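See below for the structure under consideration.
The values are calculated or read from the model by the stated rules, or taken from the named source; none is laboratory data. In this text, all values refer to a predicted model and were calculated from it rather than measured experimentally. Cβ coordinates were reconstructed from backbone atoms using ideal geometry, including for glycine residues, and neighbour counts include every protein chain displayed.
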Amino acid sequence: MLYFVMIALLLLLPEFGSAATMDATVDGAKKEGKLILYTGMNQEDSTKLIALYRSRYPFVDVSFFRAGSTPLINRILTETGKVSDLLLLQKNGLLGKIVSSELVSFPERFKDKQNRWVDIYTNYYTIAYNTNLIKPSDVPSKWADLLDSSWNSKIALDPRAYDWFFGLVVAWGSERANDYMRKFNQNRPTLRDGNPLIVSLLAAGEFPVAVTYAHSVERLRSKGAPVDWVPIKPMIALPIALGLSARPVHPSAANLFIDLVLSKEGSEAIKSMGRVPIRSDVQPSNKRLDPRTLDLIPLHVSSDEMDPEGFRATLGVK
């Protein structure tokens, strides 16, 4: 799924990136004086990117609407039409085309062929484990290992992790993924809301294994916590994407923002947040997280093609 991270309301100018166009865009942004962002990022990360933008372009007054998925979608519905995520915007012709010289630094599989969106960082689902509770020889090394009855009631999972399941659908096909989920649920996973909580409880030893984000586990592991993760195949990647509305409001200011976020400086800022940047010439904080070395399945599926309530019902959650 393409998450709403930022949707700047604009129509990009052609050939953005040349010196002449940049100068003209800066002049235009000075006249506009404003920029509106819609974001599902946490407030700390959003604030850091906005601070970077303001340091470069202090003459632009930036405001942002930050919310979870449903309220964010409702706000965008009010302003731009019927949408549910970036792919639905694209289906309805509501995304503008990104024209930036920075796009060349992003791998093809992490951006739209028509440049309607581009992934700026990604979260990987993996099998994580507590190294004090599991011997190296007993670490589950593939998804099928979690179906063994020895893991009954020992695997933690966020009941909202339907995107992990639909990533498996993309990788394996519906029949195999549904069969896997049925068998997985027979092991009565321990359900906890939120991957940050799951990783913390995993480190505390509340359960030995979890299906969660690799970068979150790596962050704690680097601080000495007794946790580790498996470079599993396939690894479901949840891209966090940048998209642009086709309806301009502050086009010049938004052009500057998009180009800055896609730049190497912008990706380095994303890296400093503990995220895994997509840009090819920016290495993640740990080489193990390098997307070029992992068997990633980027989940580019519109939310209208998924069934989160059905996934929760499978787990027995209302």
Output for the stretch 109-128, where each listed residue is crowded, with 20+ Cβ neighbours inside 10 Å and assigned to a loop (DSSP other than H, G, I, E, B): ASP112, ARG116
- prompt: If a residue has to be at pLDDT 95 or above and within 24 Å of ARG176 (Cα to Cα) to count, how many in the stretch 109-140 make the cut?
  reply: 6
- line: By residue number, the members of the stretch 129-162 that are within 28 Å of the chain's Cα centre (by Cα), free of Cβ contacts under 8 Å to residues at least 60 places away in the same chain and in a helix (DSSP H, G or I) are ALA144, ASP145, LEU147
- line: Scanning the stretch 223-267 for residues that are within 21 Å of the chain's Cα centre (by Cα), surrounded by fewer than 20 Cβ atoms within 10 Å (Cβ to Cβ) and within 29 Å of LYS31 (Cβ to Cβ) gives LEU260, SER263, LYS264, GLU265
- request: Kindly indicate whether any position in the stretch 240-257 is touching a strand residue (DSSP E or B) at 6+ places or on another chain (Cβ under 6 Å) and within 30 Å of LEU201 (Cβ to Cβ).
  value: yes
message: Can you confirm whether ASP119 is closer than 24 Å to LEU49 by Cβ, touching a residue at least 60 places away in the same chain (Cβ under 8 Å) and in contact with a Leu (Cβ under 6 Å, 6 or more places away or on another chain)?
response: no
- prompt: With VAL249, VAL261, VAL211 as the choices, which residue is β-branched (Val, Ile, Thr) and assigned by TED's automatic domain parsing to the domain that holds TYR180?
  reply: VAL211
- request: Select the helices (runs of 4 or more DSSP H) contained entirely in the stretch 203-282, then report the ones holding at least 2 residues which are touching a Ser or Thr at 6+ places or on another chain (Cβ under 8 Å) and under 24 Å from SER302 (Cβ atoms).
  value: 251-262
- request: Inspect the stretch 130-148 for any residue being out of contact with any His (no Cβ under 7 Å at 6 or more places or on another chain), over 30 Å from GLY266 (Cα atoms), surrounded by fewer than 19 Cβ atoms within 10 Å (Cβ to Cβ) and of a type in the set (Phe, Trp, Tyr) and give the result as yes or no.
  value: no
